[in-house]
Amino acid sequence: MSIKILEKKVLADVPGSRIVQIKLAAQNIAVRAKAGQFIVLMASEEGERIPLTIAEIDENKTAITIIFQEAGLTTSLLGKLDVGDSLYALAGPLGHPTEIHKYGKVIIVGGGVGIAEIYPVARAFKEAGNEVTTILGARAKELLILEPELKKVSDNFYITTDNGSYGKKGFVTDILKDLLAPTTGSGAYKLVYAVGPIPMMRKVAETTKPFNVKTLVSLNALMVDATGMCGCCRVSVGGKTKFSCVDGPEFDAHEVDWDELIKRNNIYREKEQHICKLNNL
């Protein structure tokens, strides 16, 4: 079955960092998908399978939106497709959806392209009656995405940039720590949810742990089949082996073995760069 691209939009385009949004005709997935779940796609028959979070479902539940940064072979090939083109394969929704409860006060943290992943979660928490505080982080203003969309579902909203070109200069954890420090009793935050680069998520976990605040992260571990068969996406959580595809993608940030995760995610970095060069990407 053909999976056509209905819309395409470049959200950010600076040297080395191009972020693209595409809308796909995928009714079978759209009617079932919930916040926090992902899809696996193949851009071409010869291409690899990659996981991408479902950023949005259209109102008629006939299409889904995904957002990605052109970082490797498949995302670069995907970025070259245009409206009317078709993907070779698409599977989903996969993974466990986010458990949405009325906690009271929650903080949602997104860094880089991880901002695309927090959008449906922030919206779901807001619809469940929570007070949502959102913190976005990017290297520079030009790389910040979905600001208007997230503002609409946030009661409190903060932005940080590494270079100070927009919002507060610094990191998301600077604001996170300030928010957590004075809160006690009924005013305390009950949950922190974070998605972004692994170092950022690790720092979020380190920041929230002293305050004993429940913290969830959505892990971008390497995946192949996304059904738990290959074992490629295994991570250690609380001393036990878990698979991001079938046990996650969300886990308790305070129990993740971050050193192991970083090491595993860097296994194929050199080979990925090599194959991109071979394909002139």
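The values are calculated or read from the model by the stated rules, or taken from the named source; none is laboratory data. Just so it is clear, the model here is predicted, and its values are computed rather than measured. Reconstructed Cβ throughout: ideal geometry from the backbone, glycine too, with neighbour counts over all protein chains shown. For the accessible areas, the whole protein counts, side chains as well, though only heavy atoms, and no ligand, DNA or RNA atoms are used. Shrake-Rupley method; radii C 1.70, N 1.55, O 1.52, S 1.80 Å.
Assorted remarks:
- Checking Ala25, Ala12, Ala63 one by one, the residue that is free of Cβ contacts under 8 Å to residues at least 40 places away in the same chain and farther than 21 Å from Cys233 by Cβ is Ala25 and no other.
- Evaluation of Pro93 against (1) more than 20 Å from Leu144 (Cα to Cα); (2) within 16 Å of the chain's Cα centre (by Cα); (3) assigned to a loop (DSSP other than H, G, I, E, B) (one fails), failing number: (3)
- Residues being modelled with pLDDT of 90 or more and open to solvent by 20 Å² or more (accessible area, probe 1.4 Å) - total across the stretch 2-12: 7
- Count - residues of the stretch 145-170 that are crowded, with 19+ Cβ neighbours inside 10 Å, part of a loop (DSSP other than H, G, I, E, B) and at pLDDT 95 or above: 4
- The residues of the stretch 1-30 that are among the hydroxyl-bearing types (Ser, Thr, Tyr) and out of contact with any helix residue (DSSP H, G or I) (no Cβ under 8 Å at 6 or more places or on another chain) amount to a single one, Ser2.
- Residues within the stretch 46-88 that are outside any loop (DSSP other than H, G, I, E, B) and either under 21 Å from the mean Cα position of the chain (by Cα) or among the aliphatic types (A, V, I, L, M) (or both), tallied: 23
- Flag if Glu255 is acidic (Asp, Glu), within 30 Å of Met42 (Cβ to Cβ) and either surrounded by fewer than 21 Cβ atoms within 10 Å (Cβ to Cβ) or modelled with pLDDT of 85 or more (or both): no
- Here the condition is being part of a helix (DSSP H, G or I) and modelled with pLDDT of 95 or more; of Val132, Val204, it holds for Val204 alone.
- Checked against the criterion of being over 23 Å from Pro15 (Cβ atoms), open to solvent by less than 10 Å² (accessible area, probe 1.4 Å), out of contact with any helix residue (DSSP H, G or I) (no Cβ under 9 Å at 6 or more places or on another chain) and of a type outside the set (Phe, Trp, Tyr), the candidates Val121, Val109 yield just one match: Val121.
- The stretch 46-57 residues that are without any contact (Cβ under 8 Å) to a residue 24 or more places away in the chain, paired with ones that are open to solvent by 30 Å² or more (accessible area, probe 1.4 Å) and aromatic (Phe, Trp, Tyr) (beta carbon under 9 Å, 6 or more apart): Glu46/Tyr88
- For the stretch 13-70, filtered to residues that are on the phi > 0 side of the Ramachandran plot and not charged (D, E, K, R), the residue that is least open to solvent (accessible area, probe 1.4 Å) is Gly36.
- Checking Thr74 against (1) open to solvent by less than 20 Å² (accessible area, probe 1.4 Å); (2) within 26 Å of Lys151 (Cβ to Cβ), the condition it does not meet: (2)
- Restricting attention to the stretch 62-78, the residues being more than 13 Å from Lys23 (Cβ to Cβ) and of a type in the set (Val, Ile, Thr) number 2.
- Filter result (under 16 Å from the mean Cα position of the chain (by Cα) and closer than 24 Å to Thr161 by Cβ) within the stretch 122-137: Ala122, Arg123, Thr134, Ile135, Leu136, Gly137
- Residue in the stretch 95-102 that is in contact with a Cys (Cβ under 9 Å, 6 or more places away or on another chain), within 27 Å of Asp252 (Cα to Cα) and not aromatic (Phe, Trp, Tyr) present: yes
- For the stretch 68-125, the tally of residues that are more than 26 Å from Glu45 (Cβ to Cβ) and at pLDDT below 90 stands at 0.
- Residue in the stretch 71-80 that is touching a Pro at 6+ places or on another chain (Cβ under 6 Å) and not β-branched (Val, Ile, Thr) present: no
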